[in-house]
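Take a look at the structure set out below.
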Amino acid sequence: MPNQPLAFRMRPKNIHEIIGQQHLVGTGEMIQRMVEANRLHSMVLYGPPGTGKTSMAIGIANSLQIRYKMLNAAIDRKKDMEIAVEEAKMSGQLVVILDEVHRLDKAKQDFLLPHVESNLITLIGCTTENPYHKISPAIRSRSHIFELYRLEKQDIDDAINRAIADKENGLGDLPLVVKDEAKDHFANACNGDLRAALNGLELAAYSTPQQNGEIVIDLNNAEKCMQKKSFSHDKGGDAHYDVLSAFQKSIRGSDVDAALHYLARLIEAGDLESIARRMLVCAYEDIGLANPQAGPRALAAVETAERVGFPEARIPLSVAIVELCLSPKSNSAPTALDDALSDIRTGNTGDIPVHLKDAHYKGAAALGRGIDYKYPHSYQGGWVQQQYLPDKLKHKQYYHPKDTGKFEKNLQQIYQKVKK
């Protein structure tokens with residue numbers, strides 16, 4: 001059994017062997033053009049785990065026949081980086097592939113930057129974190145930023161078949177028979193993480209006993225070897241916030257099926273707090289006056305979910321999500337307030353009308369405070385015509401009713417009557 005993991009052995013030797021990521025290494029794309037022009041620039045590769053960031057960095061260096069050194073920003077010391085610089089001075093140029101580049105501290109960064117600036121070192125940083133959030137501007141300004149996407153099933157299928165057939169680096173020397181349904185499970189259950197798929201395949205290959213001279217990997221074997229790799233979700237990572245964003249936008253867009261899908265992802269991640277927050281925001285921001293009871297009912301569902309906990313918490317959450325999705329939508333109230341806030345923040349205010357000013361102190365009457373104020377409850381219907389906005393804004397309309405549910409339609413009629 002080889003000592004190095006299968007996923008390590010199967011790393012591409014050049015950019016032509018890279019799995020997926022054709023938007024970067026395909027014909028005419030940016031990294032392909034860099035290699036063809038023999039002009040390598042420092043870059044940051046970011047994307048989910050198992051998408052081939054480090055493999056791409058190695059493939060680029062190999063394609064250009066430039067020596068490379070692998071370092072880890074979290075583990076390796078400044079001394080290791082000093083050694084890399086000395087090696088670069090000896091060889092003329094060196095590619096430093098820096099894993100977890102978002103964890104590069106200031107001392108290491110300050111040491112590396114002048115050598116990156118002079119191109120003695122070409123830095124290829126690899127990270128699962130969004131560089132615009134987690135990487136210092138000094139690194140970003142000296143680097144091209146490239147995003148790697150989660151691999152498609154066909155990409156994983158190709159990599160699995162290549163590993164099974166490869167006699168030098170893969171499993172080609174084994175009498176391996178991998179059933180189609182097992183391959184499908186490796187490709188589907190890894191959630192786009194090629195490393196996870198190859199690790200599962202390798203475990204199955206070396207842990208399954210031979211029968212009649214063959215190692216047969218069936219669906220049952222594949223399921224056991226993948227274990228919990230069918231779903232991966234980092235609550236602190238960028239992908240988590242992408243799911244939250246898609247969740248909220250699906251509710252706003254009235255797509256029940258999409259909202260339930262993203263809710264399921266968040267439930268699997270165990271993040272009840274974020275689910276609750278997004279649901280309540282949607283209830284008031286996106287539904288609002290179109291269905292005013294959606295807010296209290298969403299809150300009741302959230303409180304019930306918090307009280308019963310998972311797995312039962314999914315039941316009240318699902319009920320609330322269906323209602324939120326299929327409720328009519330109106331953002332007229334928060335939009336109206338945002339317009340008013342915009343006036344306040346830009347100094348467009350004006351003086352409060354004298355008849356509305358505080359009159360509960362000695363001498364107020366002498367100043368004319370509150371003298372002409374009309375008390376609405378003294379009039380029929382509890383309403384009387386009088387000016388409330390400052391003179392500067394007396395014709396301003398912040399609230400624009402929407403023709404949504406019955407509740408807001410009634411508000412619309414009252415509003416229009418009052419404005420007349």
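What the table below lists for this structure:
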| quantity | calculated |
| --- | --- |
| Qualifying position, being of a type in the set (Val, Ile, Thr), touching a helix residue (DSSP H, G or I) at 6+ places or on another chain (Cβ under 7 Å) and within 29 Å of LYS409 (Cβ to Cβ), among ILE267, ILE275, ILE251 | ILE251 |
| Considering residues of the stretch 151-187 that are under 14 Å from ILE217 (Cα atoms), touching a helix residue (DSSP H, G or I) at 6+ places or on another chain (Cβ under 8 Å) and β-branched (Val, Ile, Thr) only, the residue surrounded by the most Cβ atoms within 10 Å (Cβ to Cβ) | ILE160 |
| Tally, over the stretch 172-200, of residues that are farther than 20 Å from GLN227 by Cβ and either modelled with pLDDT of 95 or more or not in a helix (DSSP H, G or I) (or both) | 6 |
| The stretch 269-278, subset surrounded by 15 or more Cβ atoms within 10 Å (Cβ to Cβ) and farther than 12 Å from ALA313 by Cα, residue modelled with the lowest pLDDT | ALA269 |
| Residue in the stretch 335-345 that is over 33 Å from the mean Cα position of the chain (by Cα) and over 30 Å from ALA290 (Cβ atoms) present | no |
| Exclusive hit being closer than 30 Å to TYR399 by Cβ, at pLDDT 95 or above and of a type outside the set (A, V, I, L, M), set PRO353, PRO334, PRO296 | PRO296 |
| Test result for GLY270, in contact with a Phe, Trp or Tyr (Cβ under 8 Å, 6 or more places away or on another chain) and on the phi > 0 side of the Ramachandran plot | yes |
| Of the criteria (1) of a type in the set (A, V, I, L, M, F, W, C); (2) under 30 Å from GLN109 (Cα atoms); (3) modelled with pLDDT under 90, which one LEU148 fails | (3) |
| Conditions (1) of a type in the set (Asp, Glu); (2) in contact with a His (Cβ under 8 Å, 6 or more places away or on another chain); (3) surrounded by 15 or more Cβ atoms within 10 Å (Cβ to Cβ): number failed by ASP372 | (3) |
| Tally, over the stretch 89-132, of residues that are in contact (Cβ under 8 Å) with a residue 12 or more places away in the chain, surrounded by fewer than 22 Cβ atoms within 10 Å (Cβ to Cβ), over 20 Å from VAL35 (Cα atoms) and among the aliphatic types (A, V, I, L, M) | 2 |
| Candidate set from the stretch 302-330 (those that are closer than 21 Å to SER254 by Cβ and among the β-branched types (Val, Ile, Thr)); member that is surrounded by the fewest Cβ atoms within 10 Å (Cβ to Cβ) | VAL322 |
| Helices (runs of 4 or more DSSP H) contained in the stretch 291-381 and holding at least 1 residues in contact (Cβ under 8 Å) with a residue 60 or more places away in the chain | 314-326, 332-345 |
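Condition check ((1) touching a Phe, Trp or Tyr at 6+ places or on another chain (Cβ under 9 Å); (2) surrounded by 11 or more Cβ atoms within 10 Å (Cβ to Cβ); (3) under 19 Å from PRO292 (Cβ atoms); (4) acidic (Asp, Glu)) across all residues:
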position	(1), (2), (3), (4)
GLY368	no, yes, no, no
SER378	no, no, no, no
LYS394	yes, yes, no, no
TYR399	yes, yes, yes, no
LYS420	no, no, no, no
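Conditions (1) over 20 Å from PHE186 (Cβ atoms); (2) modelled with pLDDT of 90 or more; (3) within 25 Å of the chain's Cα centre (by Cα), marked per residue:
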residue	(1), (2), (3)
GLU202	no, yes, no
THR208	no, yes, no
ILE215	no, yes, no
GLU223	no, no, no
LYS228	no, no, yes
ASP238	yes, no, yes
PHE247	yes, yes, yes
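The values are calculated or read from the model by the stated rules, or taken from the named source; none is laboratory data. Please read all numbers here as calculations on a predicted model, not as lab measurements. Cβ sites come from the backbone with ideal geometry, for glycine too, and all protein chains shown count toward neighbours.
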